[in-house]
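What follows is a short report on a single structure.
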Amino acid sequence: MSVDRNAMLVKLQALAARYDELLHAMADPRILQDQERFQKAAREQSALEETVTAFREFQRVSKEADEAASMAPKRHGCEPVSTRWKQSCGTS
């Protein structure tokens, strides 16, 4: 099974943006005054929270792995972690 990494990342970035929009909206006094709109936003935000948290952790760890790999001595056959991940998913 081939994973289209770019498509997956685009979808996850869109979910993270939506999550941030919802957090911002829930702080809006107009939304706070409308219980129905607030509850709808809170339910959607809650449904996205676990996925967005995991995605942001993935981004952080990937960045740290790439930074560590760039500081490591270059040896024949060594590649950054993100490159190996792309290859294992068939998206290199």
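Structural remarks
- For the range 34-47, backbone phi angles converted through the Karplus equation (6.51, -1.76, 1.60; θ = phi - 60°) give residue-by-residue couplings of 9, 3, 5, 5, 5, 5, 4, 5, 5, 5, 5, 4, 5, 5 Hz, Gly and Pro being listed as x.
- Treating r as the C-beta distance of residue 69 and residue 27 and R0 as 41 Å, the FRET efficiency rounds to 0.60.
- Backbone HN-Hα couplings from phi across the range 21-29 [Karplus 6.51/-1.76/1.60, Hz, Gly and Pro as x]: 4, 5, 4, 5, 4, 5, 8, 6, x
- Inter-label distance for residue 62 and residue 17, nm, one decimal - labels placed 7 Å from Cα along Cα-to-Cβ: 1.6
We did not get these values from a lab; they are worked out from the coordinates using the rules stated. Computed from a prediction, not measured in an experiment: that's the story for all the values here. In this analysis, Cβ positions are derived from the backbone assuming ideal geometry, glycine residues included, and neighbour counts consider all displayed protein chains.
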